[in-house]
Amino acid sequence: MKKYLILVLLLIFSLPNFAKDGYELWLDYRPIENSIMRSEADRLFSGIFFFGKNPTYEAIQKELQLAAPKMTGKAPIFSTERLNQTQVWLGTREELAQVFGLQDQVTIRNLGEDGYWMGPVVFQGKTYFTIVGNRPVGVLYGFFDWLKSLQSGSFDSNKVKMESPKIQLRILNHWDNLDRTVERGYAGFSIWDWHRLPGYIDPRYIDYARANASIGINAVSLTNVNANARILTTDFMKKAKVLADIFRPYGIKVFLTARFSAPIEIGGLKTADPLDPEVIAFWKKKTDEMYQHIPDFGGYLVKANSEGQPGPHEYQRTHAEGANMLADALAPHGGVVIWRAFVYSHEIDEDRHKQANLEFVPLDGKFRENVIIQVKNGAIDFQPREPFHPLFGAVKQTNLGVEFQITQEYLGQATQLVYLSPMWEEVLRSKTFRPTPNSTVAGIVDGSDSGQKLTLMAGVSNIGTDRNWTGHLFGQANWYAFGRLAWDPYLNSEQIAEEWTKLTFGQNPENLTKIKGIMLDSHEAAVTYMTPLGLHHIMGWDHHYGPGPWVTGGRADWTALYYHRADSLGIGFDRTFTGSKALEQYAPEIIQAWSDSEQIPEKYLLWFHHLPWDYTMKSGKTLWEEIGLHYDQGVKSARKMKSTWESLNGAIDPEQFSHVSQLLGIQVQEAEWWRNACLLYFQSISKRPFPSEIEQPEGDLEYYKSLRFPTAPGIRPRW
Ligand code: GCV
């Protein structure tokens with residue numbers, strides 16, 4: 001028997017690496033390379049005891065059945081008694097009450113609903129490695145953390161580790177339509193197969209839940225914020241119920257997007273006025289029915305009065321009146337309204353940057369407790385780089401959550417490697433100076449500065465039916481990083497990159513350094529070849545693929561000209577006191593620093609200032625020259641990413657290598673395209689020569705303007 005086991009082990013560890021197509025995500029569970037760690041895992045996996053029985057513990061068992069053979073070459077053994085054969089204890093604080101003293105019990109209780117404690121527990125002279133949570137889901141989170149530490153070689157069975165998430169609602173927002181197209185989706189179609197639900201359960205649903213739980217994501221909004229009321233019909237509730245049942249053991253709650261005009265569209269009413277008694281009754285009935293199907297339904301996510309979506313303004317009601325009406329329907333069931341602050345209208349003669357604050361600041365204190373306002377990280381729209389949204393810090397009595405975009409609508413879609421964590425980190429660490437002098441966006445969002453009770457971080461999903469889920473393998477890193485930052489918004493991007501890289505590519509330190517380096521440079525590189533020095537919203541019309549600084553026509557606030565304002569004199573959007581005054585919406589410390597073109601960080605320069613082409617930059621060069629140098633530098637950075645990657649040939653899995661290598665080839669071409677198109681366009685306005693030290697753009701402006709992409713993904717195709 002022993003001989004046989006050794007043989008199997010040898011076989012597993014000596015097999016050539018199977019090509020990796022990315023389906024397994026970061027749950028690939030490679031053989032543990034460190035032999036001491038492997039025998040430790042072996043010992044622990046040979047005696048696992050659960051102090052209770054529930055679907056979450058069953059999920060843990062299944063996960064271990066999958067992981068252990070890959071990590072150690074052996075199947076795990078689940079004990080039926082808690083002492084003799086047992087090495088590991090798993091259970092909730094209540095289940096393990098006999099083994100913890102009062103003080104420990106209090107410590108664990110203070111870790112909150114989703115927290116966990118893990119470490120050694122000595123009982124009758126024997127040490128048991130123990131993972132304990134206040135709820136089974138806490139045990140699940142601890143279990144995933146434990147597996148991760150075993151794989152990365154950092155596990156120490158004598159150490160105690162305690163964790164609890166800093167944010168309550170860690171939610172993915174899918175912009176998935178019911179016909180399975182995905183708005184701004186670049187990884188195939190929606191994974192929600194509405195047509196075959198509720199009868200058919202795609203195994204992906206379970207793998208999706210596993211992946212999310214492993215990084216602490218605990219909520220998902222299934223449908224596009226540009227909503228279809230049909231999702232609230234009984235037929236669709238039955239379908240959504242199946243997904244909710246699958247996700248429940250993994251601690252994931254389902255939210256749905258509520259179309260404000262649903263009372264008219266599926267309720268047969270003449271109005272959707274939030275103060276109308278029939279409308280109120282419609283939502284109450286709808287919501288009660290929802291909870292019959294999904295007893296732990298999370299609530300509604302709403303985009304109202306924005307980009308053509310219906311909302312309370314149609315009835316001269318405020319966002320607060322609209323949100324509160326839904327909140328009242330949800331409150332008896334413990335549900336939440338997530339109301340988006342992404343509101344702007346081209347009919348209002350005001351800088352789009354200012355519109356959310358103009359609408360929401362006067363409503364401060366008017367929203368119910370179970371309403372949270374979901375605010376994009378910046379005031380425009382997920383641009384490659386944005387200063388933080390001025391709503392953070394501007395309200396005192398309103399719950400605010402932050403919305404990041406994991407899908408790379410403006411950041412290279414699925415052809416480019418752009419690791420987004422540094423960008424999110426930059427926003428989270430931004431000082432708002434309000435409500436306290438040291439406040440940051442993270443401190444507002446996690447409640448530590450704002451004092452808000454309900455907290456949320458949302459990420460617009462980049463997931464689709466592509467075999468590797470995210471189109472680009474490195475899109476997985478962004479999904480992973482979002483989960484980790486939603487758990488702890490103070491984590492740093494390098495640590496997250498390191499975790500993900502080890503789980504995806506293995507432990508080799510040289511590979512790790514190179515891959516991490518590429519990831520950490522990638523966001524700055526993309527900003528530099530797309531929108532340097534605070535330029536923004538200059539991408540292709542509608543599909544947003546590639547450059548389009550010449551885009552004009554139609555709604556002014558959807559054109560590039562509106563944002564870069566390049567003319568014969570200069571370039572940039574004056575948002576200071578001589579311009580739109582959007583800067584006024586920030587704290588005085590920021591107003592003071594940023595209204596001065598000499599003091600403002602150069603990365604935000606043209607976001608807030610319109611400056612002459614010959615303006616002298618910190619480098620001593622003119623603004624025009626610096627624009628050219630930045631675009632050129634961006635291209636060089638992309639080329640460097642590619643050449644570093646090429647040096648990994650033979651050192652990592654060939655399928656992973658080739659997939660990324662090809663895409664980096666496209667990325668370099670796209671970087672050159674951005675540089676050439678933007679510089680040729682801006683030169684046609686500035687009428688200045690290119691700095692001699694930069695590569696001169698190929699082609700002419702007319703060529704770049706003539707490019708069309710009728711099959712570009714992410715919008716309903718039209719050709
Ligand atoms: C879902 C941007 C995108 C839209 C998206 C919108 C939003 O404008 O281009 O596709 O719509 O943001 O966040 O609501």
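The values are calculated or read from the model by the stated rules, or taken from the named source; none is laboratory data. Keep in mind that what you see is a predicted model, and the values were worked out from it rather than measured. Backbone-built Cβ (ideal geometry, glycine too); neighbour counts: all protein chains shown. Side chains included, ligands, DNA and RNA excluded: accessible areas come from the protein's heavy atoms. Shrake-Rupley method; radii C 1.70, N 1.55, O 1.52, S 1.80 Å.
A few remarks follow.
- Projecting the Cα atoms of Gly665, Val137, Pro697 onto the charge dipole of the chain, computed from C-beta unit charges around the Cα centre, puts Val137 farthest toward the positive end.
- Accessible area of segment 531-614 belonging to carbon and sulfur atoms, whole % at 1.4 Å probe: 56
- Between 0 and 90°, nearest 10: helix 2-14 axis offset from the chain longest Cα axis: 10
- Sorted on the mean count of surrounding Cβ atoms within 10 Å across their residues, most packed first, peptides 126-132, 496-502 read 496-502, 126-132.
- Inter-part distance, segment 144-197 to segment 649-719, computed on C-alpha centroids, equals 31 Å.
- Total formal charge among the other residues, if their Cβ is under 15 angstrom from that of Gly548, Lys/Arg +1 and Asp/Glu -1: -2
- The chain - share of DSSP beta bridges that are antiparallel (%, nearest 5): 30
- Antiparallel bridges, percent of DSSP beta bridges restricted to segment 123-256 (to nearest 5): 25
- Shape descriptor for segment 360-480: Rg over Rh equals 1.02 (Cα atoms; Rh from the Kirkwood inverse mean 1/r).
- Highest average packing first - 137-148, 337-348, 645-656, 234-245, Cβ atoms within 10 Å: 137-148, 337-348, 234-245, 645-656
- Cα centroid of segment 600-614 to Cα centroid of segment 428-449, whole Å: 26
- Flagged links, alpha-carbon separation over 18 Å, of Lys366/Lys453; Lys636/Lys705; Lys516/Lys640; Lys70/Lys148; Lys581/Lys618: Lys636/Lys705; Lys581/Lys618
- Cross-link pairs beyond the 23 Å C-alpha cut-off, checked among Lys20/Lys53; Lys502/Lys603; Lys354/Lys376; Lys502/Lys642: Lys20/Lys53; Lys502/Lys603
- Computed in the context of the full set of protein chains, the accessible area of segment 197-257 at 1.4 Å probe radius has 52% of its extent on carbon or sulfur.
- Alpha carbon Rg of segment 96-253, scaled by the compact-globule rule 2.2 N^0.38 Å: 1.29
- Taking the inverse of the mean 1/r over every pair of distinct Cα atoms in the chain gives a Kirkwood hydrodynamic radius of 27.0 Å.
- Only aspartates and glutamates eight or more places from Lys62 in sequence, or on another chain, were considered; those with a Cα closer than 14 Å are Asp207.
- By average C-beta atoms within 10 angstrom, highest first, the peptides 39-49, 522-532, 201-211: 522-532, 39-49, 201-211
- Only Lys, Arg (+1) and Asp, Glu (-1) charged, at Cβ; the chain dipole about Cα centre in debye: 1740
- Distance between modelled label sites at Ser661 and Gln599, nm, 7 Å Cα→Cβ extension: 5.2
- Applying 1/(1 + (r/R0)^6) with r as the Cβ-Cβ distance of Gln397 and Thr234 and R0 = 45 angstrom yields a FRET efficiency of 0.75.
- Between helix 493-505 and the chain there is an angle of about 60 degrees, using the helix long axis and the longest principal axis of the Cα atoms.
- Over the chain: helical MRE at 222 nm, DSSP H runs n ≥ 4 each giving -39500 (n - 2.57), nearest 500: -12000 deg cm²/dmol
- Solvent-accessible area per residue in the chain equals 38 Å², computed with a 1.4 angstrom probe and all protein chains kept.
- Residues of type lysines that Lys270 reaches as a straight line, Cα spacing below 22 Å, ignoring anything fewer than 8 places off in the same chain: Lys284, Lys285, Lys286, Lys303
- Against the chain, whose longest principal axis comes from its Cα atoms, helix 35-45 is set at around 70 degrees.
- Label positions at Ile715 and Leu275, each projected 7 Å from the Cα along the C-beta direction, are separated by 3.8 nm.
- Contact order for the chain, expressed relative to its length and based on alpha carbon pairs under 8 Å spaced 6+ residues apart, stands at 12 percent.
- Two-site label geometry, His195 and Glu58: point separation in nm, points 7 Å out along Cα→Cβ: 3.1
- For a straight C-alpha distance cut-off of 17 angstrom, the lysines reachable from Lys253 (same-chain residues fewer than eight places away being disregarded) are Lys238, Lys239, Lys241.
- Taking a Cβ cut-off of under 14 Å around Ala525, the surrounding Lys, Arg, Asp and Glu residues balance to a net charge of +2, with basic ones at +1 and acidic ones at -1.
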